[in-house]
Amino acid sequence: MKNKEDLKWLKTHCGRMDHGGCGLLVGVKDGKIARIKGDRQGFLNEGYVCIKGLNSAIKLDSPLRLKHPLKRTGARGQGRWQEISWQEALGLIADNLCRIRDSHGARAVAFCQGMPKGLEHFVLIRLANIFGSPNVVASQDVCHAPREISGVHTCGFYPVADFHHRSELVVLWGSNITETNEEGEICSLLLRQLRQGTKLVVVDPRKTALAEKADLWLQLRPGTDHGLALGILNVILDGNLYDEQFVGNWTHGFEELKDHVASFTPEAMSKATWVEAEKIRLAARMMSDLSPMAIQWGNPIEHTEKTFHASRALICIMAVTGNLDVPGGNVRAREPNITALGKFVRADLIPHKRKEMIHAYHGAIPRLMTVPPAYFRRAVLDEDPYPVKAAYIQCANPMLSYAESQMTHEAFMKLDFIAVSELVMTPTASLADVVLPAATQFEFNDIGHYGLGHGIILARPKIVEPPAQCWPDMKILNELGKLITDPTLWFDDYEDLLDLVLEPSGLSYEQFVEKGYLKGQERFKDYLESGFKTPTGKVELRLTRADQMGLPPLPTFDGLPDDTDDEYPLVLTSAKSPNYLHSSYRWVESLRKREPGPFALIHPETAGRYGIKEGQEVRVETRWGSVRQKARLTESVHERVVYVSHGWWLAKNGNSSFDWKSHNDNMLTSAQRVGREFGTPNLKGIACRIRPT
């Protein structure tokens, strides 16, 4: 460890190990990062930083990093590569994408992204739009879009939990915020409130550290969030516990919602959700009595085909309790004075995009602007609704992250051409025709949180130089754009894309870095002057345009994600790891020491029934497939629930081939049945069984 006096300390914000948001102080010596610590002046974290952030620089010097562009020389997936120049690599990609556009149309090329890591996501959308393809494939079907778009249709905005103002009650609904600080909702702000007396309700199938501290823990059956929310609505509305003034003045369809939820009694929902009826009543009373209340809703509620109902029901709770757009509630986060997304991504150049996206043919919800992976793979395999022949992939490992991994493999083997930008060789990159070596955080200037709907953007300035042949994704896309689209729509220097975002603010990137972040104007209760941005100008508990949009008008509960039986008597779920980002960074040695392999959480009594001991390898099976993981016995999970580790893959034969089947939880899922609104498959609440191997 270098002495503090030896280091040059630079400020930035964390990113790419998750959504990021923590202000960091990075100590540099001789062009290398020697130490990372939290910045006490960080707007979102106030000095906190998670284990991933503390270890985030280690990946820069990994011996596994890709250092040169590669061209496939053997059969796809065979692991035979030739190093080539950037000029040849970009030329190969350009020739193939243009060839496919010429023969099948631009929509036959898909541009794929995992979780948005920085500005690169929106540069990718810009490239797709200018190229003429409506198909940007992303993970929004199971992350972010159901909450945001359901919010837009219901109340005109995405309701974000406000931790910067005091709440009397915080409800963590599927959000394990001390382990996974998603989308910049950093746990330090919540923990400060709890120390000051804020009450806490935790809705989670597992007894997390915060569930231990909670005033009330609701241990629901995985995949029944919508049922529990409707049970709470039943108590609030039937008992006249709602905010009468807000409901009377600012909601539409209240009486219809009240009549609709009358059948979802605590007793009925207790049977479905496994939460005791009295706890449902107590939760409803707490949500009614304690104001302001913020619901921090995590993305597990987006992991079943019923996610639209879960999201809508939770927004209805926010509304009828009067906690929308108030300090300490769920707020409309206003953007700072920066370039609008539509302008940045050149949406004007593809005016018919909404009608031409793959999922538009499947009747998906309006405003869903990325293609769900289930529909993307159908287009590849079945040419439904039209053929897709090529994919450009960045910041993603679909072989692990998409539901039904075998389907993903079949689709990728059928594609005519695949290009992947990556840090190391992964199961997905191993199937590509061209692999590009990417720079990673600390090695280029970036902007964080653009487009996430939280009303803030964060400066992520470059700290050290990347390896000579490793390019930032923004640079790759900028240079590729010059080859496959009108070059006048791109820049001599890709960093001009940063200035394009900041242009309305009047700040240069350097001036933005000095400030550290930009935040939108803080205002509350704008609806008192201008109403809500919905057709009725009110919160639409019942959607007025439901028939027109092909959506259910009221949130409902019509059954479980999957039914257990004698053959599959247990319920499968999973959770994000505090040590990794989905399938990413399994190759970072310091993180592997903390979590060296995949494990399944099993209740001791359940393990005893099946003859399973601590640390023993078990086989977990669903109707769709099976995996092997080591048993970890814990009373934190329900006796009828099995938690499997998410995102595990292993390199074999010196990193030339990969085992993406043996431990990968998406061998247990299916994309054959998905929710119509977002194309969301069931990742939670799946019937399963276990046995020793």
Quiz item: Here are some residues: 290, 216. Which one is within 27 Å of residue 528 (Cα to Cα) and not assigned by TED's automatic domain parsing to the domain that holds residue 18?
Solution: 290
Self-check item: Condition broken by residue 122, with the remaining ones in (1) of a type in the set (Phe, Trp, Tyr); (2) farther than 30 Å from residue 390 by Cα; (3) within 16 Å of the chain's Cα centre (by Cα) satisfied
Solution: (2)
Quiz item: Among the residues of the stretch 534-555, is there at least one that is of a type in the set (Gly, Ala, Ser), free of Cβ contacts under 8 Å to residues at least 24 places away in the same chain and in a loop (DSSP other than H, G, I, E, B)?
Solution: yes
Exercise. All but one of (1) under 30 Å from residue 57 (Cβ atoms); (2) aliphatic (A, V, I, L, M); (3) at pLDDT 95 or above hold for residue 651, so report the exception by its number.
Key: (3)
Quiz item: Is at least one residue of the stretch 2-16 among the acidic types (Asp, Glu), in contact with a strand residue (DSSP E or B) (Cβ under 9 Å, 6 or more places away or on another chain) and either more than 30 Å from residue 519 (Cα to Cα) or not in a strand (DSSP E or B) (or both)?
Solution: yes
Quiz item: Where in the stretch 22-131 are there strands (runs of 3 or more DSSP E), lying wholly inside it, with at least 1 residues that are in contact with a strand residue (DSSP E or B) (Cβ under 9 Å, 6 or more places away or on another chain) and among the acidic types (Asp, Glu)?
Solution: 81-83
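Being farther than 21 Å from residue 300 by Cβ, assigned to a strand (DSSP E or B) and touching a residue at least 12 places away in the same chain (Cβ under 8 Å) narrows it down to one of 661, 613, 630, so name that one.
630 is the lone residue from the list that is farther than 21 Å from residue 300 by Cβ, assigned to a strand (DSSP E or B) and touching a residue at least 12 places away in the same chain (Cβ under 8 Å).
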Quiz item: Only one residue in 97, 64, 44, 54 is surrounded by fewer than 23 Cβ atoms within 10 Å (Cβ to Cβ) and in contact (Cβ under 8 Å) with a residue 60 or more places away in the chain, so which one is that?
Solution: 64
Quiz item: Scanning for something on the phi > 0 side of the Ramachandran plot and touching a helix residue (DSSP H, G or I) at 6+ places or on another chain (Cβ under 9 Å), does the stretch 171-183 turn up at least one residue?
Solution: yes
Exercise. Could you please let me know if residue 391 is farther than 27 Å from residue 551 by Cα and either in contact (Cβ under 8 Å) with a residue 60 or more places away in the chain or surrounded by fewer than 21 Cβ atoms within 10 Å (Cβ to Cβ) (or both)?
Key: yes
Quiz prompt | Among residues of the stretch 454-511, those that are buried (at least 21 other Cβ atoms within 10 Å of the Cβ) and aromatic (Phe, Trp, Tyr), counted | solution = 3
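Give the stretch 450-467 a look and list any residue that's in contact (Cβ under 8 Å) with a residue 24 or more places away in the chain, in a loop (DSSP other than H, G, I, E, B) and farther than 13 Å from residue 341 by Cβ, or say none.
Of everything in the stretch 450-467, those that are in contact (Cβ under 8 Å) with a residue 24 or more places away in the chain, in a loop (DSSP other than H, G, I, E, B) and farther than 13 Å from residue 341 by Cβ turn out to be 454, 455, 461, 463, 464, 465, 466, 467.
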Quiz item: What are the pairs, 6+ residues apart or on separate chains, where a residue within the stretch 183-197 that is assigned by TED's automatic domain parsing to the domain that holds residue 19 and more than 12 Å from residue 47 (Cα to Cα) has its Cβ under 9 Å from a residue that is in a helix (DSSP H, G or I) and of a type outside the set (Phe, Trp, Tyr)?
Solution: none
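The values are calculated or read from the model by the stated rules, or taken from the named source; none is laboratory data. Everything numeric in this text was worked out from a predicted model, so none of it was measured. As a convention, Cβ positions derive from the backbone with ideal geometry for all residues, glycine included, and neighbour counts pool all protein chains shown.
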